[in-house]
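The values are calculated or read from the model by the stated rules, or taken from the named source; none is laboratory data. Computed from a predicted model, the values in this text were never measured in an experiment. Here Cβ is always computed from backbone atoms with ideal geometry, including for glycine, and neighbour counts include all displayed protein chains. Note: accessible area is taken over every heavy atom of the protein model, side chains too, but ligands, DNA and RNA are not part of it. Shrake-Rupley method; radii C 1.70, N 1.55, O 1.52, S 1.80 Å.
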Amino acid sequence: MATIFHVDMDAFFVSVEELYEPSLKGKAVVVGGKAHERGVVSAASYEARKFGVHSAMPLRQAAKLCPHAIFISGQRERYAEASRAVEQVLREFSPLVEMASIDEAYLDMTGTERLHGPPLRAAHRLHAAVQQQTQLNCSIGIAASRLVAKIASDQAKRHGILHVLPGQEATFLGPLDIHRIPGVGEVTGQHLNGMGIRRIRDLAALDEGLLRSRFGRLGLALAGKARGEDAGGWFDTAIGEDGGPKSISHEHTYTEDTADQTLLESTLAKLSEMVARRLRDHALHARTVQLKLRYQDFSTITRAHTLDQPTQLDAEIMRESRALFRANWKAGRKIRLLGVQVSSLTESGGQMNLLSGGQDEKWQRALSAVDKLRGRFGDSTVSLAAGLQGEFRQRVHEGKERIRPKS
Amino acid sequence: MEFTVNKADLVRELGLSQGVVEKKTTIPILSNVLLEAGDNGLTLTATDLELGIRSTCAARVAKKGAGTIPAKRLLDYVRLLPDAEVTIKFMENQWANLTCGRSKTRIAGMSRESYPELPPTPEKIVDLPAGLLASMITRTIFAISNEESRFTLNGAQLILKPDSITMVATDGHRLALVEEKTSLEGISGAYKALLPKKAMTEILKLAGDAGADAKIAFSGDDNHLFFQFGDRLLLSRKLSGNFPDYERVLPKEHAHSVNLAKDELKATIERVAQFSDDRSRAIRLQVSPGEVKIYSSLSETGESEESIPVEYAGPLVEIGFNASYMIEFLRALPTGEAKFLFKDGQSAGEMQPGEVSEQLTYRYVVMPMRI
């Protein structure tokens with residue numbers, strides 16, 4: 001029987017901001033941007049949540065619901081740093097740690113009893129260690145599966161610990177709303193509600209065949225999840241056994257739609273740089289570069305190109321994304337969002353270049369030095385000159401952005 | 001306009017246009033072939049604005065004139081007709097009536113006025129031997145880059161000198177260079193042009209039809225290159241930009257070399273490459289005294305290893321290569337010996353024909369893969 005911990009940081013972005021600005025404590029705080037800006041809420045403090053503000057809500061709507069809230073843009077680098085500090089503490093407790101996003105992690109604690117004691121005691125020690133070493137609070141769910149552990153940590157909020165004993169999964173899950181199941185979003189939820197299914201026990205009682213005919217493979221996964229099993233998508237993989245990313249992408253939504261080619265291409269440079277850095281972080285090379293382009297009227301196109309040879313160099317990804325952009329952008333049409341994605345990832349980027357006279361090797365070395373600088377002093381320490389104009393605040397969403405990108 | 005042609009003649013000439021007409025219908029009329037009936041019979045023209053082809057065929061012209069018809073539709077239809085005479089008559093409304101025996105067909109055409117004019121052929125620069133040019137294309141075309149964003153690598157560098165023709169192609173990872181000694185009358189100094197890959201493919205077809213001993217009347221203006229094969233004309237827009245300074249990357253010397261039978265080496269690499277990664281196509285060559293070992297391993301699928309005895313007494317060297325790069329060269333190499341020259345796992349390797357020839361220089365430089 002496995003023992004899985006799901007550690008979820010409490011109001012992570014806001015708590016990190018409070019470390020830098022203690023006066024924010026106890027106030028309604030919204031991270032994501034200024035109240036009048038376009039864009040969405042990245043995180044909200046518990047005080048702001050009381051007014052109905054939640055993450056992914058448009059900022060302007062949040063400002064209406066909670067006009068007295070303090071709106072801050074937030075600094076991704078601070079959160080990344082805090083996340084690394086948390087991960088460090090977690091690694092003291094188990095070698096099998098998987099950061100599922102910037103503010104949550106799974107730990108496989110199976111077989112650590114002699115070292116850390118029974119699960120609940122270990123969880124209390126972990127809880128205290130995180131608090132002590134990072135001044136941040138977390139909630140911990142303990143169960144025999146990742147899925148139940150995750151739902152348990154949610155129930156344990158905030159600053160709590162909840163242990164679902166093996167065999168008690170059905171009792172624990174039964175009365176909960178189906179929306180508590182990770183993977184059940186608005187659409188699936190409505191669909192299920194339409195079938196008269198509101199609580200997880202209703203779902204568990206359903207015939208698997210019916211779910212399958214209604215929802216296909218997703219239905220089978222749902223049936224498994226309702227029984228508290230790790231089923232479907234990334235729940236299938238073991239903790240720490242990272243299957244590796246299938247694609248890596250970054251997007252940017254403009255505060256104001258633009259048709260300024262210099263600015264647009266500059267944004268592409270910046271996005272390419274961010275994608276390339278993630279490739280190097282994962283020691284991967286990509287062969288396919290994809291451009292995503294959303295016009296003012298929300299019409300969206302994606303265009304991809306597959307390279308002869310895989311790359312992890314900023315300049316090559318930028319060259320491809322720019323070529324795709326120039327070939328597909330209807331000049332003059334205002335753009336709302338740009339995105340760069342790379343896929344067809346391989347570990348070997350082996351093919352050496354004939355014409356660059358060793359330039360590629362030099363770039364490779366230079367960029368890994370740059371990555372170190374960025375890691376220490378922040379992402380904007382060094383950039384491609386072409387990307388400087390495209391500098392923008394990176395938006396990340398608590399619990400939304402997987403460090404392991406979605407396949 | 002009204003004319004009558006032999007079905008086989010029409011099929012043959014329309015076939016030439018297929019590689020040229022615009023496949024993507026961004027400009028609809030570019031999918032059409034221009035038919036002009038005049039004193040010389042029937043003239044057919046196809047172009048995608050990058051490439052143009054013009055040819056003639058014998059025809060009995062009842063009424064001179066010109067019109068355009070979708071090239072693919074016309075060919076697909078005419079090909080199915082019995083071997084007989086085909087009469088094509090253009091109507092006022094741009095429709096064409098085709099009659100062949102008891103078959104009667106109407107095809108919607110477009111006005112000749114909307115069809116782009118091909119640039120006029122300038123004065124001839126030199127006569128090029130068709131067979132020789134075709135063999136040079138076969139030896140280099142595979143090394144051309146398919147990356148559209150690297151446009152100067154989307155073709156081959158052609159260099160004409162009074163006593164030689166040189167063609168060089170590279171995609172940045174390997175480079176094929178072929179130089180043939182031949183005397184070119186009318187060339188002084190060096191004439192250089194970047195020849196697009198698509199034009200090279202068409203030259204291969206036309207040269208095949210024309211026969212090895214045929215001559216190509218070659219000329220060029222600021223933006224175009226013209227290749228006249230008898231009464232067939234191929235013209236191509238030049239690639240703009242500068243081809244990389246390839247002489248800089250040609251290795252001056254190699255520390256070691258081995259000679260291998262080309263067919264055996266090719267078959268070996270083809271077998272071993274079955275167990276290389278689909279994307280990287282990486283294989284390893286290990287040269288040690290007395291043998292070349294070629295192997296690959298794909299942890300989940302399998303692994304393969306073969307060894308070929310060679311005369312070699314140097315140090316053990318292991319080099320990773322993209323198997324496709326090796327196979328493509330070996331396909332272009334005539335049967336006989338292949339010479340493999342190398343230094344170490346980090347330096348460019350080179351392949352050449354085993355026999356040294358005064359007439360022909362053929363070099364293929366390949367960068368290794370990091371292993």
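Remarks
- Between helix A:119-134 and chain A there is an angle of about 40 degrees, using the helix long axis and the longest principal axis of the Cα atoms.
- Solvent-accessible area assigned to carbon and sulfur over chain A amounts to 50 percent, based on a 1.4 Å probe.
- Cα-based equivalent ellipsoid of segment B:86-230: semi-axis lengths in Å, sorted from largest, via gyration tensor: 36, 19, 16
- Rh by Kirkwood over Cα pairs, then Stokes-Einstein D for segment A:178-232 at 0.692 mPa s and 37 °C, µm²/s: 307 µm²/s
- Across q = 0.11 Å⁻¹, the protein assembly as shown modelled as identical point scatterers on its alpha-carbon atoms has Debye log10 I(q)/I(0) values of -1.22, in the order of the q list.
- Taking the three principal axes of the alpha carbon atoms in chain A, the coordinate ranges are 63, 52, 49 Å, sorted in descending order.
- Using distinct alpha-carbon pairs, which all enter the 1/r mean, Kirkwood radius of segment B:64-133 in Å: 15.0 Å
- Ranked by how many other beta carbons lie within 10 Å on average, peptides A:144-157, A:124-137, A:314-327 from highest: A:144-157, A:314-327, A:124-137
- With Cα atoms, 0 to 90° folded angle of helix A:314-328 axis to chain A main axis: 80 degrees
- Segment A:28-157: Cα Rg divided by the 2.2 N^0.38 Å rule of thumb: 1.22
- Hull volume per residue, based on the alpha-carbon atoms of segment B:251-366 and their convex hull, is 99 Å³.
- Too-long pairs where the Cα-Cα distance tops 22 Å, listed order kept, from A:LYS362/B:LYS339; B:LYS198/B:LYS238; B:LYS7/B:LYS124; B:LYS252/B:LYS343: A:LYS362/B:LYS339; B:LYS7/B:LYS124
- Taking the Cα atoms of segment A:74-223, the ratio Rg/Rh between the radius of gyration and the Kirkwood radius comes to 1.03.
- Helix B:262-272 axis versus longest C-alpha principal axis of chain B: approximately 80°, rounded to the nearest ten.
- Among A:ARG294, A:ARG214, A:ARG201, the largest mean-square fluctuation in a Gaussian network model of chain A (Cα springs under 10 Å) belongs to A:ARG214.
- Among the listed pairs B:LYS63/B:LYS89; A:LYS150/A:LYS246; A:LYS246/A:LYS292, those with a Cα-Cα distance over 19 Å are A:LYS150/A:LYS246.
- Neighbouring Cβ atoms from other chains, within 10 Å of the Cβ of residues in B:360-369, number 2 on average.
- Translational D in µm²/s for segment A:13-75 (Stokes-Einstein at 37 °C, 0.692 mPa s, Kirkwood Rh from C-alpha pairs): 299 µm²/s
- Virtual paramagnetic centre 7 Å along Cα→Cβ of B:GLN94, amide N under 13 Å, in segment B:49-76: B:67-70
- Size descriptor, Kirkwood hydrodynamic radius, that averages inverse alpha-carbon separations across chain B, Å: 23.2 Å
- Cα-based reach from B:LYS215 at 18 Å (exclusive), listing aspartates and glutamates while leaving out same-chain residues under 8 positions away: B:GLU123, B:ASP127, B:ASP163, B:GLU180, B:GLU185, B:GLU202, B:ASP231
- Taking chain A as a Gaussian network of alpha-carbon nodes connected by springs under 10 Å, the highest mean-square fluctuation of the residues A:VAL187, A:VAL89, A:VAL53 belongs to A:VAL187.
- Peptide-level mean, for B:139-150, of C-beta atoms on other protein chains within 10 Å: 3
- Per residue accessible area of segment B:2-114, 1.4 Å probe, in Å²: 50 Å²
- Solvent-accessible area buried by A and B, counting both chains, probe 1.4 angstrom, square angstrom: 2200 Å²
- Normalised by the number of residues in chain B, the average gap of Cα pairs under 8 Å and 6 or more apart makes the relative contact order 13 percent.
- Comparing the full protein assembly with the isolated chain (1.4 Å probe, heavy atoms, ligands and nucleic acids excluded), the residues of segment A:327-355 losing at least 20 square angstrom of accessible area are A:SER344, A:THR346, A:SER348, A:GLY350, A:GLN351, A:MET352, A:ASN353, A:LEU354, A:LEU355.
- Semi-axis lengths (Å, descending) of the ellipsoid that matches the C-alpha gyration tensor of segment B:27-114: 20, 15, 14
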